[in-house]
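In what follows, a structure is listed as structure tokens, so that the remarks can point back to it.
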Amino acid sequence: MSQVCEGIRKDIPLDKEDQSITKLLATQQPDGSWTDIVYTKTDITVWQPISHLERLINMALAYTGRGKWRDDMTLLTAITNGLQYWYAQDPHSKNWWHNEIDAPQHLGELLIILRQSKNKIPAPLEESLIERMKRGDVYKQTGANKLDVATHYIYRAALTANAGLMDSSVEQVFQPISFTTQEGLQYDYSFMQHGRQLQISSYGAVFITGEYKVASFLRNTRYALGGEKLKILSNYYLNTFLKALRGGYSDFNIEGRGISRVDMLNKTHEQGRLKLAAMVDPAHNNEWNAAIERTNGKQAPSYKLQPSHTHFYCADYTLHTQADYSFNVRMVSSRTKRTENGNGENLIGKFLPDGATDIQVKGNEYYNIMPVWEWDKIPGTTERDYADDQPTTVQWGEVGTMPFVGGVSDSSYGVSAYDMNYNGVTAKKSWFFFDKEVVCLGAGINCKEVENVTTTLNQCWLKGEVTVDGNKAKGKDVASYENPSWVVHDGVGYYLAEQAKLVLSNKEQKGDWYHINHSTSKKIQSGEVFKLWIDHGTNPVNAHYAYVVVPNATKNTLDDLKATIKIITNTESVQVVRNEALDITEAVLYKPATITVGEEVITIDKPCILMIRDTQKAIKKLYIADPTQLETDGTINIANQKTKASKLHAIHFPTGNKAGASLLLEIE
Ligand code: CA
């Protein structure tokens, strides 16, 4: 129990603690309540009554701490009165989470802290409060929620010295550290909750915080976390969660409905969680320390960062991490759910999963931009351009529509594709990820509705001037450009590889947090925003686009790109891009097709996504994935145009829990 107290104790300077306790005692009523808390409030998101228990925890920490309040009998009486008031009132929220997780966890921590004191609260009061903790059924919960309920079961087991309860609770608390196709940690190391919905931060953050916290309480005991489960937990934190941060800020795609909360992308205080991880898993100390330095801003976002590429085939999400930038894509398929709204949060995030591209170099490009965003121009998406923001109509996550959504990866580079059919818009969208650039293609864009259809290249905070073809953009306003080739903003270049009508808006945008989240303020926020989109016009038929994002653009970039990047095909059935410098050809085949790579003619009899490395060498590495996750076998025929030699290779696609994962074929 002393390790629990150590974990809860905060490093508050004694003078601050003194002031806060003096104030709490002065404002507490004789019955133990505070007049500024409305105990009958039942709000689902911010539930005010819980602050009563938070205050009592701070008082208990002072009572058992190092300062002048230690063993102070007035303080103990005040805590006792507060606990009696809570027990008698039994405040309830309309949200089960507060009743079955939040309140019992607070009570458990409070009682454990009070166990460390010389003088105790009355035994009958403690007994009745322990009884009151029996809320929530751990066996009915999954993922992050199971962990949260099991945590207060462990507190109760410790308080009652119940070994049987401790055994079963520890088993339950660490149960979410295992792969599942239900809610929780997925076989591709993504995290899903509320059905098959991407929640890498949000519920995934609850998962890592809770598991490391409990593991830190249980370290050096017979219940300590170790072995395979510890490996899995740290792998999730290091290679999924931390990779989705750039510097001290998260990818906006990983927060679920939390994207609509103030400061949600701010991870500059990640060191709290990282220090817990270091305590539990010191074998990775170098990585935890590097992450602390990157997130708190003491080192650059690139500090000790290992470049990597991961496509999460369970969650329809791609992470492309380079030393100089992150470029991540959120998609949705008929196997997964769109970003939820619920509890009055994320009210207009209707288009968030339609191939949203998070482009981060410094990290803070989207930090708190959400209240001023135009929500039908989410970066990367192709949507109808409405006059007003569109409400999300389905609560708690709408299932996606199309099976062909996926990606191939060799863990350095990759290709992802999103067959979109939503809200009256169809599009075949794909991303070809390399070291210096990401090629974004769209084809088969159709819409019969009245609105213009647009593809948004980016919508982020405006920093410095914007140039179009090397010239300063036309002031702070909205301007159209017919077939420009090159836009640069904040060091990021956008190269238009196909002719397009491009629209640039670099001006102030306004909005309050309330219209995206009803638990927040109606105060108007404003800021200058860089917004760049391709206008496909009304009723586009088979419209298409091709642009290349170069996160560290220099004045030579345009020439380099023309020499390096070849867009070979961009149609609604096949999209092929070649990078000459890396000797990589990448392709998306929405239907069985034949493509030509150098001297070779490659025919594949199944829809797939593929990447061919070392095309100039005798042994080529061919990575292939089935985005539909429906195929088991296929064939690939490689015929040489010069020698006329040809060879047929069998493909056995990964199936079961690995369906959609990448397969490597080495081909002569
Ligand atoms: Ca609009």
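The values are calculated or read from the model by the stated rules, or taken from the named source; none is laboratory data. All values reported here derive from a predicted model rather than from experimental measurement. Virtual Cβ from ideal backbone geometry, glycine too; neighbours counted across all protein chains shown. In case anyone asks, the SASA skips ligands and DNA or RNA and just uses the protein heavy atoms, side chains included. Shrake-Rupley method; radii C 1.70, N 1.55, O 1.52, S 1.80 Å.
Just a few scattered comments:
- Filter pass, Ser505 being open to solvent by 20 Å² or more (accessible area, probe 1.4 Å), in contact with a strand residue (DSSP E or B) (Cβ under 6 Å, 6 or more places away or on another chain), not charged (D, E, K, R) and not assigned by TED's automatic domain parsing to the domain that holds Ser260: no
- Single residue of Val541, Val529 found to be crowded, with 18+ Cβ neighbours inside 10 Å and among the hydrophobic types (A, V, I, L, M, F, W, C): Val529
- Condition check for Thr643: on the phi < 0 side of the Ramachandran plot, touching a Pro at 6+ places or on another chain (Cβ under 8 Å) and assigned to a loop (DSSP other than H, G, I, E, B): no
- Test result for Glu228, among the acidic types (Asp, Glu) and open to solvent by less than 20 Å² (accessible area, probe 1.4 Å): no
- Scanning segment 364-403 for residues that are open to solvent by 10 Å² or more (accessible area, probe 1.4 Å), out of contact with any strand residue (DSSP E or B) (no Cβ under 8 Å at 6 or more places or on another chain) and either within 12 Å of the ligand (Cβ to nearest atom) or not in a loop (DSSP other than H, G, I, E, B) (or both) gives Tyr386, Ala387, Asp388, Asp389, Gln390.
- Residues of segment 475-498 that are in contact with a strand residue (DSSP E or B) (Cβ under 8 Å, 6 or more places away or on another chain) and in a loop (DSSP other than H, G, I, E, B): Lys476, Asp477, Asn483, Pro484, Ser485, Asp490, Ala497, Glu498.
- The strands (runs of 3 or more DSSP E) found wholly in segment 279-348 and carrying at least 1 residues that are touching an Asp or Glu at 6+ places or on another chain (Cβ under 6 Å), hydrophobic (A, V, I, L, M, F, W, C) and under 30 Å from Glu383 (Cα atoms) occupy 308-312.
- Of the residues making up segment 431-480, those that are hydrophobic (A, V, I, L, M, F, W, C) and touching an Asp or Glu at 6+ places or on another chain (Cβ under 8 Å) are Phe432, Ala443, Val453, Cys460, Trp461, Leu462, Ala473.
- Residue within segment 348-363 that is in contact (Cβ under 8 Å) with a residue 60 or more places away in the chain, of a type in the set (Val, Ile, Thr) and within 16 Å of the ligand (Cβ to nearest atom) present: yes
- Residue within segment 418-438 that is closer than 27 Å to Asn517 by Cβ, open to solvent by less than 10 Å² (accessible area, probe 1.4 Å), more than 16 Å from the ligand (Cβ to nearest atom) and not in a strand (DSSP E or B) present: no
- When residues of segment 439-455 are limited to those that are within 16 Å of the ligand (Cβ to nearest atom) and outside any strand (DSSP E or B), the one surrounded by the fewest Cβ atoms within 10 Å (Cβ to Cβ): Val450
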